[in-house]
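Okay, so here's the structure we're looking at.
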Amino acid sequence: MEAPGTFSHSLMIGSIAEAAAEAVNRNGLLCRVGAYYHDIGKLNKPGYFVENEMGSASRHKELSPAMSQLVIVGHVKDGIEMAKEYALPNVLRQFIETHHGTTLIEHFYNQAKKQKAKNAKAKAPDEPAESEFRYPGPKPRTKEAAIVMLADTVEGAVRSLSEITPVKIETVVHNMAMKRLQDGQFDECELSLRELSQIETSISKTLAAHYHSRIAYPQPPDIPAIEQSRSDKSGRKKS
């Protein structure tokens, strides 16, 4: 398999997005199928995406932030070209085109700022233009596309947590939803605040269920005492 991490990620996004869409009476099946295809452009350079590194060193260490940005942004263009080549219907192409909207690639933008400040001799070096480190868009134009965008953003953020708890999942989901909202990413799809809240709740529940085995729930302090009491009673019955 060329991109096992991307494959697993897309399956997960499909489950998250389908449930969230159904929570607001949208087309859940469309979201699931759209999520399966949203990252197909990564097949051209799978090793440059973190989910496919599989413990190996990041290839971006050898690239400048600007070059890394071109590689990362390029997966959207590559995906659109693949969709045309294989005649995917427009209703599915929208998920490829819009799943990053016009969002900022923060990691490489911040790297570029640090690099420029380090190399600049002037006291106040010009910062790189933020627009150069944003995806070209378009923004989601349907609620289904917005749901896949949010699910895509949140899944990676939760997966990177060192400790996963229901509260942390809810916090990440809400923070990422507000970040996308304030960045104007939902401006063209008529997503209401009420719907966004319902989508957040659904995504949080799906992720909590998925990571259930990894969530360390605090054990009540009286559990050992209860178990000891049961053991004592059992011992008395045997005697």
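Partners of Lys205 within straight-line reach, counting aspartates and glutamates whose Cα lies under 14 Å from its Cα and excluding those fewer than 8 residues away in the same chain: Glu18, Glu22, Glu155, Glu170.
With each label modelled as a point 7 angstrom along the Cα→C-beta vector, the Ser56-Val71 pair spans 1.1 nm. Between Gly74, Phe108, Ala145, the Cα set farthest toward the positive side of the dipole of segment 34-193 (charges on each charged residue's Cβ, about the Cα centre) is that of Phe108.
The residues packed around Arg134, meaning those with a beta-carbon under 12 Å from its beta-carbon, carry a net charge of -3 if Lys and Arg are +1 and Asp and Glu are -1.
Modelled spin labels at Lys45 and Glu22, positioned 7 Å past Cα toward Cβ, are 3.8 nm from each other. For the chain, averaging the sequence separation of C-alpha pairs within contact (under 8 Å, six or more residues apart) and dividing by the residue count gives a relative contact order of 22 percent. Computed from Cα positions, the angle between helix 65-85 and the longest principal axis of the chain comes to roughly 90 degrees.
Residues His38, His75, arranged from fewest to most other Cβ atoms within 10 angstrom of their Cβ, appear as His75, His38. Between Ser197 and Ser8, the distance separating the two model label sites (each 7 Å from Cα on the Cα→Cβ line) works out to 3.6 nm.
Tell me the Kirkwood hydrodynamic radius of segment 1-109 in angstroms, computed as one over the mean inverse distance between distinct C-alpha pairs.
Values: mean 1/r = 0.0678 Å⁻¹.
Hydrodynamic radius (Kirkwood, Cα pairs) of segment 1-109 is 14.7 Å.
If each residue's Cβ is checked for other Cβ atoms within 10 Å, how do His210, His99 rank with the fewest at the top? Don't skip to the answer; put the middle values down first.
Details: His210 17, His99 26.
Placing the least packed residue first, the sequence is His210, His99.
Distance check, please: which entries in Lys116/Lys168; Lys118/Lys143; Lys77/Lys143; Lys42/Lys168 exceed 31 angstrom between their Cα atoms? Walk me through the numbers before you get to the answer.
Details: Lys116/Lys168 34 Å; Lys118/Lys143 43 Å; Lys77/Lys143 22 Å; Lys42/Lys168 29 Å.
Beyond 31 Å between Cα atoms: Lys116/Lys168; Lys118/Lys143.
What's the whole-number percent of alpha carbon pairs in the chain lying beyond 34 angstrom? The proportion of pairs with Cα distances above 34 Å equals 26 percent.
Read-outs throughout are calculated quantities, based only on the coordinates presented, and are distinct from any laboratory measurement. Everything numeric in this text was worked out from a predicted model, so none of it was measured. Note that we place each Cβ from the backbone using ideal geometry, even for glycine, and neighbour counts take in every protein chain shown.
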